[in-house]
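Structure first, then comments.
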There are 2 protein chains.
Amino acid sequence: MRDFSQDHSALALNTATLGHNVEGQGAGWSPERTIDACAERGYGGIVFWRREIGSRAVEIGERARAAGLAVPGLCRTPFLVGPLAPKPETAMFDDLHASIDMAADLGAASLTICVGGVVEGTHSISESLKRVTEIVAKAAPRADMAGVKLALEPLHPVYGGNRSCLVTVRDAVDMVEAIDHPAIAVAIDVYHVWWDLSLAAELRRLGGERIAGFHLCDWLADTSDVLLDRGMMGDGVADLKGLRRAVEDAGYAGLCEVEVFSAGNWWKRDPAEVLDVCVERFRTLC
Amino acid sequence: MRDFSQDHSALALNTATLGHNVEGQGAGWSPERTIDACAERGYGGIVFWRREIGSRAVEIGERARAAGLAVPGLCRTPFLVGPLAPKPETAMFDDLHASIDMAADLGAASLTICVGGVVEGTHSISESLKRVTEIVAKAAPRADMAGVKLALEPLHPVYGGNRSCLVTVRDAVDMVEAIDHPAIAVAIDVYHVWWDLSLAAELRRLGGERIAGFHLCDWLADTSDVLLDRGMMGDGVADLKGLRRAVEDAGYAGLCEVEVFSAGNWWKRDPAEVLDVCVERFRTLC
């Protein structure tokens, strides 16, 4: 297992940690300002949200790399199925393709997929996953051509109804195996999987080459909101080192991306302070 | 699989469906009035919460049986571990024993255990489960003497931090096997397990004799509160018949207990209407 206590070059920022994933939240720093603040502090990478990128994908990607930051991912595709997916399905595919193109222009190694909730009328996780599998398989060649990995992110089961019928690493591995395409991988997020004692075994089944990302935060014991009240590493109950051991034992050696959605706490603080705290917690607790 | 379309004698009411689990919620019917209303409608059983029973366990149990209702369970033990467990641990054991004694006096077949969240300071689901295993093993002989099954209820992973470090059926089956005592069983609740595609396989591993209850409700796609916004059967996204098939295929042939925590909707309605709707939904959708 890698030792980060003296070296945080494996640390990446997901800009959601500064509230940049939601309009009107956070300090609203520009991508350039955020890139510079991360580079100054020795971060190794940065992951943006599409709303920050607009039409400047090539420019921002080049700016990040010029500052010494890798761009391991982009957040994210539209929901593919379920109540929050764009309708009709052609509109979903248009937006899915636009997100792949943006990731390519940005030079992002991967594009996160939150697959969307149970397909309306099915009352079935498994039927919904079948439809997701078809959609992702259809998008795989385009992603491959663009040099972008599609990172299926299993979300916490609390989102099963509306945001993700993919709620376990087990189901994500099954889906990757069913699609069997080199452009398809899985992203592992502490918030979504911290409770799952089968994680290490499932990740061994997956293999490190098909792990496209590892996201850090913490689960607050008395969380007040399951969308926007994530904890900073160390403030919750997750076994952070144990979870990292599981991804590394499976062969993952990539960046560790801090992604703390926190409308009531961290998003209200000075982003410079937040970035400093992330470094300190990463070195000491992750 | 049993056919309930013309016969709802397998339907039981958990009085939480009328808000009776929370002080000040619901219409506040007495146990007697609730028993009579269920009996009139042909329910087969009733499950109370300790706060309704007070010192009248023997009396209420006899009243229910005289009205033709079985008493499959009682809700519930204190949290055994974690931030919400009584402190010090001797106080938790005192309350645990009191709950076993009440279940015995009531003539309840089982007593539900919500095990409590991650043990403070451990940052570890597995360490916390070890402590729960020790506590439940210690209580098993007392439950056995009292003729009460202790029903470990895996809760939804959203409760992992504070209410239940036991969040999967898999972990519950492992715990039952580790304790290996005839008084220890598992309760399966649609709300907590609807998302888990490994359910049927895990329940086969458990076996029907170690399933102490099957609880019905639904998961609302756009749930507004993960504690008190459960759906009535049919209003959500769970595969109700598929879930029942999983418990019945494992050998379960007991009552199906409606348990809808719904502060903003069903608890505000006339309990008579709620009881009628439960019957209709049970016959047509479950």
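The values are calculated or read from the model by the stated rules, or taken from the named source; none is laboratory data. Since we're looking at a predicted model, the values are computed, not measured. Cβ coordinates were reconstructed from backbone atoms using ideal geometry, including for glycine residues, and neighbour counts include every protein chain displayed. Side chains are part of the model used for accessible areas, which takes the heavy atoms of the whole protein and leaves out ligands, DNA and RNA. Shrake-Rupley method; radii C 1.70, N 1.55, O 1.52, S 1.80 Å.
What to note about this one:
- Accessible heavy-atom area order of A:H123, A:H156, highest first, probe of 1.4 Å: A:H123, A:H156
- Of all accessible heavy-atom area on chain A, the percent that carbon and sulfur account for (1.4 Å): 49
- Remark: label point of B:E177 defined 7 Å out from Cα along the Cα-Cβ vector; separations to the same position in other copies 1.9 nm, ascending.
- Scanning chain B for GluC sites (Glu not before Pro) in DSSP loops with at most 16 neighbouring Cβ atoms within 10 Å leaves B:121-286 as the longest stretch between them.
- Evaluated over chain A, the count of Lys pairs having alpha-carbon atoms less than 23 Å apart is 5 (only pairs 8 or more residues apart or interchain).
- Under the Karplus curve 6.51 cos²θ - 1.76 cosθ + 1.60, θ = phi - 60°, whole-Hz ³J(HN,Hα) for the stretch B:160-171, x wherever Gly or Pro sits: x, x, 10, 9, 6, 6, 9, 10, 9, 4, 3, 5
- Threshold 40 Å² - residues in the stretch B:160-203 whose accessible area is reduced by that much or more when the chain is no longer isolated, probe 1.4 Å: B:G161, B:R170, B:W194, B:W195, B:L197
- Amide H within-cut-off set for B:A187, under 5 Å, with H built and near neighbours excluded: B:L152, B:E153, B:A212
- Cα pair count fraction exceeding 26 Å, expressed as % - the stretch A:26-164: 29
- Distances from B:S126 to itself in the other copies, using label points 7 Å out along the Cα-Cβ axis, amount to 2.9 nm in increasing order.
- Total buried accessible area between A and B, probe 1.4 Å, nearest 100: 2200 Å².
- Annotation: B:H97 carries an accessible surface of approximately 50 Å², with a 1.4 Å probe and no ligand, DNA or RNA atoms counted.
- For B:D7, the accessible surface of its heavy atoms amounts to roughly 80 Å² (probe 1.4 Å, protein chains only, rounded to the nearest 10).
- In order along the stretch A:114-128, the Karplus-derived 3J(HN,Hα) couplings, from 6.51 cos²θ - 1.76 cosθ + 1.60 at θ = phi - 60°, round to 9, 6, x, x, 4, 4, 3, x, 7, 6, 8, 4, 5, 5, 5 Hz, and Gly and Pro are given as x.
- Protein-protein interface of the stretch B:208-244, residues with accessible area decrease of at least 50 Å², isolated chain reference, 1.4 Å probe: B:A221, B:V237
- Mean residue ellipticity (222 nm) of chain A, computed from DSSP H runs ≥ 4 via -39,500 (n - 2.57), nearest 500: -12000 deg cm²/dmol
- Per-residue ³J(HN,Hα) for the stretch A:236-242, Karplus 6.51 cos²θ - 1.76 cosθ + 1.60, θ = phi - 60°, Hz, x for Gly and Pro: x, 10, 6, 8, 4, 5, x
- Selected from A:A109, B:G231, A:G121, residue furthest toward positive end of dipole (the protein assembly as shown; charges at beta carbon): A:A109
- Each copy carries a label point for B:D7 at 7 Å from Cα along the beta-carbon vector; from one copy to the others these points are 7.0 nm apart, nearest first.
- Placed amide H near A:L74: partners under 5 Å, 5+ positions off or other chain: A:S110, A:L111, A:T112
- √(5λ) per eigenvalue of the Cα gyration tensor, the protein assembly as shown, largest first, Å: 45, 25, 21
- Accessible area in square angstrom per residue, the stretch B:11-285, 1.4 angstrom probe: 34
- Sites B:E62 and A:E120, calculated FRET efficiency, Cβ-Cβ separation with R0 41 Å, nearest 0.05: 0.30
- Extent along principal axes [Cα atoms of chain B; Å; largest to smallest]: 46, 41, 34
- You can think of it this way: the chain between A:R51 and A:T90 has 11.9 nm of extra reach, that is 0.36 nm per residue less the Cα-Cα gap.
- Taking all protein chains together and a 1.4 Å probe, the residues A:D270, A:D222 rank A:D222, A:D270 from largest to smallest accessible area.
- At least 10 Å² of accessible area lost relative to the chain alone, listed for the stretch B:81-123 with a 1.4 Å probe: B:V118, B:H123
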